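Report on one structure; see the data block that follows.
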């Protein structure tokens, strides 16, 4: 019974994130890891991510950046392939440190720009940066469902409209998660049993996505992006803490 309570909470939190509540899905794998190996937990959660992704696309389908998707997705495919090939050789702590370092890098730049006397113009959605950050996002998403920080390091400096940001995020991660399915099956992280459990938990994720969309739409745009930066800081410190304590 305890397993299903925690699993339902993890699925709901993941749905909240898909609905636009910043970064809270990072808690899903650690919660599930209370009852199972983290790799198995990631495999159990992936089908739930995909169900929530489809609903998020429906919620935010009216606005998205095609240019950003074109720039990011080829790199994401490369990152997923690297993750699949190297996951057994890369320590889990190395992936956590990479994600935390990216988060701190972005936050340092954001703080510097915020206190700059000269207004910082939006950064363009260029191809080289898109390929680089897309690759890192694909890699970290494959290793631990933690593609958010590198994705945000590329997208947030563009200062997109809130709904365009949400729509682009929903489409990007839905495609990334679908691409991850075959390697997860080959690695034994997705099985028939885990898929059956995921289907039972899917309603919790959908309820979370609906709730998250109501919250994210109600937030003023400035508050929304400040919350993303705060959540990014919390996630980065959390990952660093896990590595140091571990």
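The values are calculated or read from the model by the stated rules, or taken from the named source; none is laboratory data. Keep in mind it's a predicted model, so treat the numbers as computed, not measured. Cβ placement follows ideal geometry from the backbone for every residue including glycine, while neighbour counts extend to all protein chains displayed.
Given the structure, is residue 77 modelled with pLDDT of 75 or more and touching a helix residue (DSSP H, G or I) at 6+ places or on another chain (Cβ under 8 Å)? Taking the combined requirement at face value, the residue satisfies it. Criterion first (over 14 Å from the mean Cα position of the chain (by Cα), surrounded by fewer than 18 Cβ atoms within 10 Å (Cβ to Cβ), without any contact (Cβ under 8 Å) to a residue 40 or more places away in the chain and over 25 Å from residue 9 (Cα atoms)) does residue 220 satisfy it? Yes: the conditions hold for residue 220. Answer yes if at least one residue in the stretch 231-246 is over 17 Å from the mean Cα position of the chain (by Cα), assigned to a loop (DSSP other than H, G, I, E, B), more than 29 Å from residue 63 (Cα to Cα) and modelled with pLDDT under 80, and no otherwise. The answer is yes; a qualifying residue exists. Within the stretch 109-131, residues that are farther than 24 Å from residue 147 by Cα have Cβ atoms under 8 Å from residues that are assigned to a helix (DSSP H, G or I) and modelled with pLDDT under 70 in these pairs: 120/113, counting only partners at least 6 apart in sequence or on another chain.
When residue 188 is tested against (1) more than 21 Å from residue 142 (Cβ to Cβ); (2) loosely packed, with under 15 Cβ neighbours inside 10 Å, only condition (1) is not met. When the stretch 57-69 is limited to residues that are surrounded by 14 or more Cβ atoms within 10 Å (Cβ to Cβ) and at pLDDT below 90, the one that is farthest from residue 211 (Cα to Cα) turns out to be 63.
To keep it simple, each residue is scored yes or no on (1) modelled with pLDDT of 85 or more; (2) surrounded by fewer than 16 Cβ atoms within 10 Å (Cβ to Cβ); (3) closer than 18 Å to residue 171 by Cα.
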residue	(1), (2), (3)
31	no, no, no
43	no, no, no
73	yes, no, yes
88	no, yes, no
112	no, yes, no
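Whether a residue is out of contact with any strand residue (DSSP E or B) (no Cβ under 6 Å at 6 or more places or on another chain), farther than 30 Å from residue 40 by Cβ, buried (at least 16 other Cβ atoms within 10 Å of the Cβ) and in contact (Cβ under 8 Å) with a residue 24 or more places away in the chain was assessed, and residue 154 passes this test.
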